[in-house]
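Working notes for the structure below.
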Amino acid sequence: MYDTGTRIQTRIRRLFSVFMWAFIGLAIGLAYIVGWRGDYLATHVRNPRQIAIEKSIERGGIYAANGEALAGNRPFQKPHDVQRPHGDAARRDEGSARVYFGPTSLVHIVGYNHDRYGKTGVELAFNHQLLGLPRGFLRTPGLIPGLGFGSRQPQGVKQRGKPRGNDIILTIDPQLQAVAEAALGHRNGAVVVLDPATGAVLASASYPAFDANRLDVVWPDIIQDPSSPFINRATSGLYPPGSVFKIIVASAAIETGLIGPNDIFVCSGSIDVNGRKISCPGGRAHGRVNLASALALSCNVAFIQVARKIGGKTLSDFARRFGFNREIPFDLHVNESRFPAFRGEGSAGGSAGAGDGARDDENLLAEAAIGQGTVLATPLHMAMIASAIANRGVMMRPYVVSQVRRGGSGETLWRYVPARLARPVSVSTAAKVKDLLVAAVESGTGWRAGLDGMSVAGKTGTAQNPKGAPHAWFVGFAPAANPRVAISVIVENGGAGGSVAAPIARRVLDFALRREE
Amino acid sequence: MGFALLPVILGGTIVELVSRPEETRVPMGWALWPLYALSSFAAFYLGGGNKGRLEPVIFPVVVFLTGFGIIETYRLRPDLAWRQFAWAVIGLALLVLASILLGDYGDLQRYEYLWGVLSVALLALTIAFGKSVGGARAWLGFGRFSFEPSEFVKIFIIIFLAAYFSDAGTALMVPTRRLWWIRAPELAYVGPLILMCGLSFSLLILQKDLGAAFLFFGVFLAMLYVASGRPSYIIFGLLLLILGGVVSYHLFDHVRVRVDMWINPWSDVDGRGYQIVQALFALGSGGIFGSGLGLGHPSVIPAVETDFVFASLCEELGLAGGAAIILLYLVLTYRGFKIALGARDEFGSLLATGLASLLGIQALTIMGGVLKLVPLTGVTMPFLSYGGSSLISNFLATGLLSSVARQGRADA
């Protein structure tokens, strides 16, 4: 125990080894913090470097498809055209260095970038690109996973002035956006216009919106506004699709071959579902109808019979093929559309088993057939469904960011390549459903969406909901022969789809297709 | 020497080049590096470095660390850079003077009690007339000039303890009496033990200088072990240290804050945990190779130019730079102990042990604190941190080590 006998030299060596191990421990501690905790610490919200780095970079601009500026930095000199930022320039927001141009409704797509209120939209989703930083600025994949390699700070290239971030080019057509915004007017709802062949979002308006240039001023009001102006109804609003869902029922009926064009259904104005009466709009009896006339007249009674013939499970399968209960990949967050799960095999043509499960399924199926009950969809998704029919049964992945360009030089760094998302139905089914939709506009409930000299395909919806008057829907595309735009319109509690939503769609389609003429 | 100075000149130039134009720069900032190189070479030749009169490893390492300290000061607080440079020159001059004037370090041994008395007097003066800087009442001011006596007391105490222990001789190491079940320690050891405990606690309580208290006690234990070779004393001392820590945790707010913020700084990110959390952010953001000198954002860390200079260094030079600095301190400590091994007498061995431990414990304590491995205590990074008293006292320690080394070799 006592090493009184040890030489002083031994003791000095022992003491040094204590120091040596302590230094080694220190180095291991440093490696642990940098290597294992580094990513967490570097990207922590309280790490002031995030803001400091952002301030040291000239944030890239956001531009429309035609090159028009949608977001830029203050002071902002536009090279050629003179355009006033929307909102009151005199009461400019001091908490943000950004200026936003173009229609106000773009706020839900472009978003905002504010010191206090954070980021949304493309400003958030493409933050690293706008700053011209590698994705590693936010998340380092690292050379060795978990052991972040290199610094997580921009390698501050010394340039004259601030380093510049990249510019983002959107697919948005600002004029069309303005028309969509105006057509929707001051009614809560959304209008989405897609290019069916590529999935490009040409316009996406959601009302109510707010002025991103006056965030400081309007913030207290909008956070209290019961109509939630922050919500992008186009991507986040989940609504019962109502009769618009009949597009999917009809697609399933044709694709499976269970219903032929000459199969006749009898509509007496209402149908009994386990003792509950479901009627057609206005209780009108449509008499003898086939699939085409049932869709054109939006006959609930006939579609419930069609759905019974298809069966819950198959219908559910088609809903999934069209993107229900699936995540929709997009540049911005999209809520998942919902379709109910059936307990057992859906009763096809009134099967024997009348247990509780079967009864529940029957009720669910009857409601689902007409897009009611627990079926919910976003306006963007409904526009995608119309696009799939328009695009010969191929659903394209939606996108709004088409290019990333190097700030200053304008060199294209990245370009979106349109990608197929799904093929819910065959080419021939899509063509048949298209014909049905053309008829629905030409001679059915959607006549108010019709354009002179151009055939429009579409379907109206009048979706019952617990919050009051039904939601007015119109979903369609045009020109039917060679579809260039697909559209989805919803007006919350607007009333009948044919009289409220279809005219909005008509105005937007008219502008989209005839502007050049 | 050239190898030590090259990175300093390079680093200084990099800081000069990347410095943002909007930051106010000091006049003639670029002149710091050639002047520092010149001063270092002058010190090298005047001190007889070319004739092997200066320790061949310690001197270049110290020149490098001090140079980097000036770079860090220039980068973090440009207004203080010339001041730090002036302290460095004074430090180098003292090193040379010590090397010329102090022919034999053995002379120090003769004034054994003078060092002890001087230490106690300086500390008493500080306690009586000191002023508070950053929570610790550790500064003595004379008009515009102020210094931190404890930085010098550290050296004096080490000289005193080395002299005292070597006088006590080997005979005193054998325990003669029994006190119940423990072999009673010799009074020869009990005396300084009580003195050191007293000094440490007075530092802790009266000056609120947690770091200095820990440093004193740590150096004392290291020297006690080498002098006595009795692990039981060390265990007893460590127990005292733990007991003192526990007691002061419960009695003193400033200790409790430090320990609580060590255990979980995230509980008060904007308040008491701010400094340590900001340091961790700096470390994490630096990554493996750092942002590059002058390109990080270390200025958000409070006291970054003094106690937290290591965090700044790691942010801008990364894990690689941080590990290199750790290695340099290890080398410095290693050379110190090597000198202790080769010293001509026990006084020299103990003196070198004390000085090497002083540098080692300081470096370990502050780096460990910045890395949140141990509770944070206000200790400076030897040679790297901004601050005149600390720099000069560390140069003195280097001078003494050099002296022990020279005579060890001469006699060998």
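Coordinate-derived values only; no laboratory data. Just so you know, these numbers come straight off a predicted model, no measurement behind them. Neighbour counts are summed over all protein chains in view; Cβ atoms, including those assigned to glycine, are modelled from backbone coordinates with ideal geometry.
Report the charge-dipole magnitude of the protein assembly as shown in Debye, nearest 20, computed about the Cα centre from +1 at each Lys and Arg Cβ and -1 at each Asp and Glu Cβ.
Numbers: 84 positive and 65 negative charges, 171 e Å.
Roughly 820 debye, rounded to the nearest 20.
In terms of the Cα gyration tensor, with a ≥ b ≥ c the square roots of its eigenvalues, is the stretch B:208-259 rounded because a/c is under 1.5, prolate because a/b exceeds b/c, or oblate?
oblate
Hey, what does the equivalent ellipsoid look like for chain B, semi-axes from the Cα gyration tensor as sqrt of 5 times each eigenvalue, largest first, whole Å?
Calculated on Cα positions only, the semi-axes equal 34, 27, 18 Å.
Ranked from highest to lowest mean number of other Cβ atoms within 10 Å per residue, what is the order of the peptides A:405-411, A:317-323?
A:317-323, A:405-411
How large is ³J(HN,Hα) for each residue in the stretch B:56-64, as worked out from phi by the Karplus curve 6.51 cos²θ - 1.76 cosθ + 1.60 (θ = phi - 60°), to whole Hz, x for Gly and Pro?
Once rounded to whole Hz, the list reads x, 9, 4, 4, x, 4, 5, 4, 5.
Kindly put A:S488, B:S119, B:S299, A:S426 in sequence by how many other C-beta atoms sit within 10 Å of each C-beta, fewest to most.
In increasing order of surrounding Cβ atoms, one gets A:S426, B:S299, B:S119, A:S488.
Amide H of A:N73: which non-local residues (sequence gap of 5 or more, or other chain) have their own amide H closer than 5 Å, using H built in the peptide plane?
Those lying under 5 Å, H to H, from A:N73 are A:V99.
Running a GNM on chain B with Cα contacts under 10 Å, which residue among B:D107, B:D345, B:D209 ends up with the highest mean-square fluctuation?
It is B:D107.
With runs of 4+ DSSP H residues as the only contributors, calculate the mean residue ellipticity of chain B at 222 nm using -39,500 (n - 2.57) per run, divided by the residue total and rounded to the nearest 500.
-23000 deg cm²/dmol
What order do you get for A:435-442, A:469-476, A:116-123 when each peptide is scored by the mean count of other beta carbon atoms within 10 Å, highest first?
Ranked by mean Cβ neighbours within 10 Å, highest first: A:469-476, A:435-442, A:116-123.
Could you work out the relative contact order of chain B? I mean the mean sequence separation of Cα pairs under 8 Å and 6+ apart, divided by the number of residues, in percent.
Taking the mean separation of contacting Cα pairs over the length of chain B, I get 21 percent.
For chain A, what relative contact order do you get, as a whole percent, if you take Cα pairs closer than 8 Å and at least 6 residues apart?
Details: 1108 pairs, mean separation 76.1, N = 517.
Across chain A, relative contact order equals 15 percent.
Order of A:I389, B:I158 from fewest to most other C-beta atoms within 10 Å?
B:I158, A:I389
Enter the mean number of other protein chain beta carbons within 10 Å of the beta carbon of each residue in B:367-374, as an integer.
For peptide B:367-374, the averaged partner shielding equals 5.
Taking springs between alpha-carbon atoms closer than 10 angstrom, which of B:R258, B:R344, B:R110 fluctuates most in the Gaussian network model of chain B?
B:R110
P(r) for the protein assembly as shown: what percent of alpha-carbon pairs falls in each 10 Å bin, starting at zero?
It works out to 2, 11, 16, 15, 12, 10, 9, 9, 8, 6, 3, 1, 0, in whole percents.
From other protein chains only, count the Cβ atoms within 10 Å of every residue's Cβ in B:211-223, then give the mean.
Per-residue shielding by partner chains comes out at 1.
Bin all alpha-carbon pair distances of the stretch A:8-56 at 5 Å intervals from 0 and give each bin's fraction as a whole percent.
Pairs per bin, as whole percents: 5, 18, 13, 12, 12, 10, 8, 7, 6, 5, 3, 1.
Anyone know which of B:V379, B:V219, B:V277 comes out most mobile in the 10 Å Cα GNM of chain B?
B:V277
Add -39500 (n - 2.57) for each DSSP H run of 4 or more in chain A, then divide by its residues: what number comes out at 222 nm, to the nearest 500 deg cm²/dmol?
Rounded to the nearest 500, the figure is -10000 deg cm²/dmol.
By a straight-distance test (C-alpha under 29 Å), which lysines pair with B:K338 as possible cross-link partners, with residues fewer than eight away in the same chain excluded?
B:K51, B:K154
Within 10 Å of each residue's Cβ, count the other Cβ atoms and sort B:C314, A:C280, A:C299 from fewest upward. Mind dumping the intermediate values first?
Details: B:C314 31, A:C280 22, A:C299 27.
The order, fewest Cβ neighbours first, is A:C280, A:C299, B:C314.
Looking only at other chains, what is the average number of their beta-carbon atoms within 10 angstrom of each beta-carbon in B:324-333? Mind showing how you got there, number by number?
On the way: counts 0, 2, 6, 2, 0, 3, 8, 1, 0, 6.
Mean inter-chain Cβ contacts per residue within 10 Å come to 3.
Relative contact order for the stretch B:238-308 using alpha-carbon pairs under 8 Å, separation at least 6, rounded to a whole percent?
Working: 36 pairs, mean separation 11.6, N = 71.
It rounds to 16 percent for the stretch B:238-308.
Can you give the percent of C-alpha pairs in chain A whose distance is more than 33 Å?
I get 48 percent for the Cα pairs in chain A exceeding 33 Å.
Starting from the Cα gyration tensor of the stretch A:347-447, multiply each eigenvalue by 5, take the square root, and state the resulting semi-axes largest first in whole Å.
Equivalent-ellipsoid dimensions as semi-axes: 40, 19, 13 Å.
With θ set to phi - 60° and the Karplus curve 6.51 cos²θ - 1.76 cosθ + 1.60, what are the ³J(HN,Hα) couplings of the stretch A:317-325 in order, to the nearest whole Hz, using x for Gly and Pro?
5, 5, 4, 5, 4, 7, x, 6, 6
Across all directions of projection, what mean area in square nanometres is found for the Cα convex hull of the stretch B:293-412?
With the hull built on Cα positions only, its mean projection is 7.9 nm².
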